[in-house]
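The values are calculated or read from the model by the stated rules, or taken from the named source; none is laboratory data. Source: prediction; values computed, not measured. All Cβ positions, even for glycine, are placed from backbone atoms using ideal geometry, and neighbour counts span all protein chains on display.
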Amino acid sequence: MRIIAVAGGTGSVGQTIVEALVAHGKHKVLILTRKPHHQVNELTYLAVDYEDVSATARSLEAANVDTVICAFGMESDAISEAQVNLIRAADLSGPTKRFVVSGYDMLFQEEHIAMVPTAKWALAATQAAEGSSLEYTRVVNGLFLDYYGLPHWRSHLKPWVNAVNVAGKWAVLPGDGTCQVNFITSQDMARFVARLMDLPKWSPVSSIVGQTASFKDILQVAERVRGERFSVKYESLGDLRDGRISFPEFEETGLESTGRSTESILASFHYISGTGGYAISSDDPLDARFPDIKITTAADVIESSW
Ligand SMILES: NC(=O)c1ccc[n+]([C@@H]2O[C@H](COP(=O)([O-])OP(=O)(O)OC[C@H]3O[C@@H](n4cnc5c(N)ncnc54)[C@H](OP(=O)(O)O)[C@@H]3O)[C@@H](O)[C@H]2O)c1
């Protein structure tokens, strides 16, 4: 049994990972949070101040934490700094040996920094982990399928649109809509993360392939299930690259504090997904390590939600 602390385990992805770890049942789970919490439903919350690296290290040490899974919502330089501080604290803590950096997304690389701020923060965490004595990994899983079932699909995720809005019956597809993307539900991703804890050795990147499909494939399933044609626009990759996307409606992404407009952030993510950024290639995906995890498909999500 390992003692695993999920930092940001109060958030959307964090709660999902906590639930999967509890269901897996092999390890003791703690939640690191900035707010004091009592023990709720047998979950233990550990209040920490990420700005105080030595105090955070002492808390990890006192709780005998072996592994930290970071699930911060990467939305600002301040949150990125909190993650880097947490990596430093984990490095200082004697019993803490392993760290999962907050990712659960595409494989952000240097070339993506100019397009989306998330890339800069993913790399800052990776560099800090590389420079530590911790064994670390970044989970790369493509896009979450939950969005195509919300608000009916049971999920902790906040609303977001990736090309197809099943509730509103519209789609804005990047390019011709046929670019391959990897998809998985947040619940399946979290099952893989729980099983990752049992592997004796980690790679710097832990890939989950899930389902490979195009946004056009998702649209076809959505139209079939909802029984009518959606309003569809094919958005040129040039417009997306230049920050324009013709979503008829959209909500803030959480990344606006970086000074970018919501439209340009959504356009950048769709440019990246329309040019293969969300296609996962790996010789050793977690799917092959844990073939007993049955992948929920886009059709499963959409058919059971609508
Ligand atoms: N692939 C996809 O489709 C997809 C979709 C959504 C998210 N993601 C990824 O999943 C990860 C988690 O995102 P999320 O949406 O689940 O996050 P979230 O719910 O916005 O936040 C998770 C937690 O982060 C902590 N937090 C917030 N601000 C903080 C700060 N300044 N310092 C330290 N901790 C802070 C909070 O915990 P406390 O208040 O308890 O401290 C919060 O509950 C991100 O890396 C994101 O990119 C991927």
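Here's a check for you: in segment 75-97, which residue that is among the β-branched types (Val, Ile, Thr) and touching a helix residue (DSSP H, G or I) at 6+ places or on another chain (Cβ under 6 Å) is nearest to Ala125 (Cα to Cα)? Break it down stepwise before answering.
Pass one, segment 75-97, residues among the β-branched types (Val, Ile, Thr): 79, 84, 87, 96.
Subsequent filtering for residues that are touching a helix residue (DSSP H, G or I) at 6+ places or on another chain (Cβ under 6 Å) retains 84, 87, 96.
Values: Val84: 6, Ile87: 8, Thr96: 17 Å.
Result: Val84.
Residue-wise test of (1) closer than 22 Å to Ser281 by Cα; (2) within 16 Å of the ligand (Cβ to nearest atom).
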{"residue": "Val161", "(1), (2)": "no, yes"}
{"residue": "Val164", "(1), (2)": "no, yes"}
{"residue": "Gly175", "(1), (2)": "yes, no"}
{"residue": "Thr185", "(1), (2)": "yes, yes"}
{"residue": "Ala190", "(1), (2)": "yes, yes"}
{"residue": "Arg195", "(1), (2)": "yes, no"}
{"residue": "Ser206", "(1), (2)": "yes, yes"}
{"residue": "Thr212", "(1), (2)": "yes, yes"}
{"residue": "Ala222", "(1), (2)": "no, no"}
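Of the conditions (1) out of contact with any helix residue (DSSP H, G or I) (no Cβ under 8 Å at 6 or more places or on another chain); (2) surrounded by fewer than 20 Cβ atoms within 10 Å (Cβ to Cβ); (3) not aliphatic (A, V, I, L, M), Pro159 fails just one. Which one is it?
Among (1) out of contact with any helix residue (DSSP H, G or I) (no Cβ under 8 Å at 6 or more places or on another chain); (2) surrounded by fewer than 20 Cβ atoms within 10 Å (Cβ to Cβ); (3) not aliphatic (A, V, I, L, M), Pro159 violates only (1).
Within segment 94-136, which residues are among the polar types (S, T, N, Q) and either crowded, with 22+ Cβ neighbours inside 10 Å or outside the structural domain of Val13 (by the TED database) (or both)?
Thr96, Ser102, Thr118, listed by residue number.
Are there any pairs, at least 6 apart or on different chains, whose C-beta atoms fall under 6 Å, with the first in segment 184-211 and in contact (Cβ under 8 Å) with a residue 40 or more places away in the chain and the second among the acidic types (Asp, Glu), and if so, which?
Listed by first residue and then by second, the contacts come to Thr185/Asp146; Ser186/Asp146; Trp202/Glu135; Val209/Asp287.
For Leu150, work out the one condition from (1) under 30 Å from Ala90 (Cβ atoms); (2) within 17 Å of the chain's Cα centre (by Cα) it doesn't fulfil.
Going through the list (1) under 30 Å from Ala90 (Cβ atoms); (2) within 17 Å of the chain's Cα centre (by Cα), Leu150 breaks only (1).
Taking segment 123-142, which residues are out of contact with any strand residue (DSSP E or B) (no Cβ under 6 Å at 6 or more places or on another chain) and either within 9 Å of the ligand (Cβ to nearest atom) or assigned to a loop (DSSP other than H, G, I, E, B) (or both)?
Of everything in segment 123-142, those that are out of contact with any strand residue (DSSP E or B) (no Cβ under 6 Å at 6 or more places or on another chain) and either within 9 Å of the ligand (Cβ to nearest atom) or assigned to a loop (DSSP other than H, G, I, E, B) (or both) turn out to be Gly131, Ser132, Ser133.
Quickly run through segment 282-293 and pick out the residues that are without any contact (Cβ under 8 Å) to a residue 60 or more places away in the chain and under 17 Å from Phe108 (Cα atoms).
Scanning segment 282-293 gives no hits.
Out of all the residues in segment 125-155, which are in contact with a Phe, Trp or Tyr (Cβ under 8 Å, 6 or more places away or on another chain) and more than 27 Å from His270 (Cβ to Cβ)?
Ala129, Glu130, Ser132, Leu134, Glu135, Tyr136, Thr137
Residues that are basic (Lys, Arg) and over 18 Å from Glu135 (Cα atoms): does segment 78-88 have at least one?
no
Of the conditions (1) under 24 Å from Val205 (Cα atoms); (2) more than 22 Å from the chain's Cα centre (by Cα), Gly11 satisfies every one except a single condition; which number is it?
Unmet for Gly11, out of (1) under 24 Å from Val205 (Cα atoms); (2) more than 22 Å from the chain's Cα centre (by Cα): (2).
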